[in-house]
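The block underneath contains the structure these notes are about, expressed in structure tokens.
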Amino acid sequence: LKLDVEIKSSQEYVAPRDEIEEKLANIFSEVLNVEKVGIYDNFFELGGHSLLIIKMINSLNKIGLTISIQDIFSSPRLIDMKFLLKPFKENSFETPANLIPNNCNKITPDMLPMLDITQEEINIITEDIKDISNIQDIYPLSSLQKGILFHHLLNNKFDTYVLPSLFVLKNKKRLDDLIDALQFVVNRHDVLRTSIQWIDIKEAVQVVYKEVPLVAKEITISQDEDIKTTMLSRIELTNLYMDLTIAPLLQIEYAIDENSNKCYVIFKLHHIVCDHVSLDILVREITAYLDNQTNHLPEPVPYRNFIAQGIYQKNQYDEELFFKEKLFNITEPTLPYGLSDAHGDGTRIIENETILSKELSKQIRLVCLKQGVTPAAFFHVAFAIVLSKVSSKDDVVFGTVLSGRYQGNRTIENMFGMFINTLPIRVSLEDTNIKEVIKEVQKYLLDLLDYEQTSLAFAQSCSELENNTALFSAMFNYRHSAAPQTQALNDDMELLASYERATYPFNLMVDDYGEDFGLNAHIDQSVNAKRVSSYILKTIEEIIDALDSKETKNIQDISILTQKEQTQLTVEYNQTKTSYAKEKTIHQLFEEQVVKTPNSIAVVYEDKQLTYKELNEKANALANHLLTFNIQPD
């Protein structure tokens, strides 16, 4: 997806002058899908973003060169990158070999180099597996997989992390084709042939099988039921649950409409084996299979490589020093609107989706280019400002979702699985101006890349909060997405509904569609999700004005309120003037009201309320109690 031609490049074209510049220009052109690239062109101005950086570095590696992610962000022009290139050396790290032999009927600890595990634990894992020779591998979970498993165990009635979709297909033949395509994808990717085991062992593991058949379950719909309504009800949150101990963690249910012969299909995939990028891979490979284009697909890469790389990376950096430096003096959590439940089940979440206008999207990209920052940093700051206002804090902490694909593995862009991770980001807004804050946030996000597989629990432990207190209850996710699906996926397959749900009570997802941006607020029902989205939009406009202004604008001067809401708060809600007898005291006026409306509600607190009569009785009881202590008027 490319930016509009009129804002593609702000530089006059200057052709490459030597071999290195020519190679860089060719890589820019290939990765960004741009025909002509000059030496003063900017990677991000031509449509580059964080995920395309991975492709960029991979392309450089193939010609014996490399550059750090941080250097691309700080020096995105081709001419500047040229002087930061270094000779590429293959990573000295090698993924430990899978030592389970073919036709193995007894797995021993020495066969599992990525695990510290006993024979007794292996026996527990394999006890109910009929064909042990079908086990391909056993290895640990990633940081976010552990977090997802925690939430899964927290609620054993339904599962927030089941990703459901409902399609309607032209006929049963299309369903058979779809199942064949899905089986093809399952056969390619080990993580889709995986189950999770944790009972009676010290560390949860994932067990990968060599072969896992995908079975579609037919749902019987009675004649007096509406098939569409019934199938939609089956993907409601309270009806969703998957047994993580049974592979594959991908399930199909279907029902045939006997009148039209249409086939209604429910597709369920568990988040523990799939992230946002992996969903794109899934769609791409299904499409390739249905179009007989599978010969163009890249070789599948085992998910075990990512797990091994994560274990290796963890030992390369001092994560304790980093997070203590960032979070050491935090003594209280950041709780928007006082929402404190960071482990919700998703049932209280209300969603509000907004697509930004093309004009506003252009303004964001242009102002980011002028300031030398990414749209991701821009939106992080907008969210931080709103969070500050609704939590009454100048120093806020919230969760940010990291891609998890920056570990230096050249094949990771085509790897299927769960890579993302959530880590805390701290933004101080006191006595700072907007330009400084965006630069600081961009640096913070870059620094986080080295620690992208640190567990959230460990990061939170580096603050001064007690271990059982969540550091934040707000989550931000900036992601690169395909254009939003609205109608038919193709002539024979239409998407009717799909859901993703949040466990945190205050969430914002920003979808970067290449040109446009989309906002998706998932907010606890006690707060108006649409209002939160309006706060974000107003803040975006304020930030653009501040960055475009020659004058320095402090964060405190940015308002999140629309003009309508400002008028409501400062004018309409203050129209409280009323006539009353000035010579009477407040308690006399109150007693008169008791006589007029004894049964009307006088006060409300949480789930309790008192009528005027009840409140008067309690006030008199308190007065009599005080008199027993010889307390007199005044």
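Percent of alpha carbon pairs in segment 7-68 separated by more than 20 Å?
20
How much area per residue is accessible in segment 63-172 when the probe is 1.4 Å and only protein heavy atoms are counted (Å²)?
52
Using r as the Cβ-Cβ distance of S133 and L154, and R0 as 30 Å, what FRET efficiency do you calculate, to the nearest 0.05?
About 0.30, to the nearest 0.05.
Taking Cα atoms, how many degrees apart are the long axis of helix 375-391 and the longest axis of the chain, rounded to 10 and kept between 0 and 90?
Computed tilt is about 30 degrees.
Taking Cα atoms, how many degrees apart are the long axis of helix 434-448 and the longest axis of the chain, rounded to 10 and kept between 0 and 90?
50
Points 7 angstrom from Cα along the Cβ direction at N574 and H587: gap in nanometres?
Between N574 and H587, the label points sit 3.2 nm apart.
Calculate the FRET efficiency for L627 and N468 from the Cβ-Cβ distance with a Förster distance of 30 Å, rounded to the nearest 0.05.
Approximately 0.10, to the nearest 0.05.
Summarise the accessible area of segment 37-159 (1.4 Å probe, protein heavy atoms) by the percent that is carbon and sulfur.
51
Can you send over the carbon and sulfur percentage of the accessible area for segment 182-308, probe radius 1.4 Å, protein chains only?
47
Could you grab the relative contact order for segment 149-231? Cα pairs under 8 Å, six or more apart, rounded to a whole percent.
Computed value for segment 149-231: 19 percent relative contact order.
According to the Kirkwood expression over distinct Cα-Cα pairs, how big is the hydrodynamic radius of segment 142-186, in Å?
One over the average 1/r among Cα pairs gives 13.3 Å for segment 142-186.
Among the chymotrypsin sites (Phe, Trp or Tyr not before Pro) within segment 245-328, which fall in a DSSP loop and have no more than 15 other Cβ atoms within 10 Å of their own Cβ?
For chymotrypsin sites (Phe, Trp or Tyr not before Pro) across segment 245-328 that sit outside H, G, I, E and B with at most 15 neighbouring Cβ atoms in 10 Å, the list reads Y317, F328.
Please work out the FRET efficiency for the pair K173 and I355, using the Cβ-Cβ distance as r and a Förster radius of 41 Å; give the result to the nearest 0.05.
0.70
Provide the per residue accessible area, probe 1.4 Å, for segment 302-448, rounded to a whole number of square angstrom.
On a per-residue basis, 40 Å².
Hey, what did segment 183-285 get for relative contact order, percent, Cα under 8 Å, at least 6 apart?
Relative contact order, segment 183-285: 27 percent.
If ligands, DNA and RNA are left out, what is the accessible area of F378 with a 1.4 Å probe, given in Å² to the nearest 10?
The value for F378 is about 0 Å².
Pairs of alpha-carbon atoms within less than 8 angstrom and 6+ residues apart define the contacts here; what relative contact order does segment 241-331 have, in percent?
Relative contact order of segment 241-331: 14 percent.
Compare the peptides 29-42, 575-588, 119-132, 136-149 by average per-residue count of other Cβ atoms within 10 angstrom and give them in order, highest first.
By packing density, highest mean first, the sequence is 136-149, 29-42, 119-132, 575-588.
How many nm is it between the label spots at E617 and S165, if each spot is 7 Å from the Cα in line with the beta carbon?
For E617 paired with S165, the spin-label model returns 6.1 nm.
Kirkwood Rh, Cα Rg: Rg to Rh for segment 347-387?
Rg divided by Rh gives 1.09.
Shape of segment 227-314 from its Cα gyration tensor (a ≥ b ≥ c, root eigenvalues): rounded if a/c is under 1.5, otherwise prolate when a/b > b/c, or oblate?
Oblate is the answer for segment 227-314, as a/c is 1.5 or above yet b/c matches or exceeds a/b.
Between Q70 and E494, what length in nm is gained on full extension when 0.36 nm per residue of separation is reduced by their alpha carbon distance?
Fully extending the segment from Q70 to E494 adds 148.5 nm.
Helix 143-154 sits at what angle to the longest principal axis of the chain, using alpha carbons and giving 0 to 90 degrees rounded to 10?
50
Kirkwood Rh over alpha-carbon pairs of segment 169-291, then Stokes-Einstein at 4 °C and 1.567 mPa s: what D in µm² s⁻¹, rounded to an integer?
The diffusion coefficient I find is 81 µm²/s.
Which shape class applies to segment 147-230: rounded if a/c is under 1.5, otherwise prolate when a/b exceeds b/c and oblate if not, where a ≥ b ≥ c are the square roots of the Cα gyration tensor eigenvalues?
Oblate.
Using label points projected 7 Å from each Cα along Cα→Cβ, tell me how many nm separate D226 and D243, to one decimal.
About 3.4 nm separates the two model spin labels.
The values are calculated or read from the model by the stated rules, or taken from the named source; none is laboratory data. Everything numeric in this text was worked out from a predicted model, so none of it was measured. As a convention, Cβ positions derive from the backbone with ideal geometry for all residues, glycine included, and neighbour counts pool all protein chains shown. The protein model used for the area step is the full one, side chains on, heavy atoms only, and it has no ligands, DNA or RNA in it. Shrake-Rupley method; radii C 1.70, N 1.55, O 1.52, S 1.80 Å.
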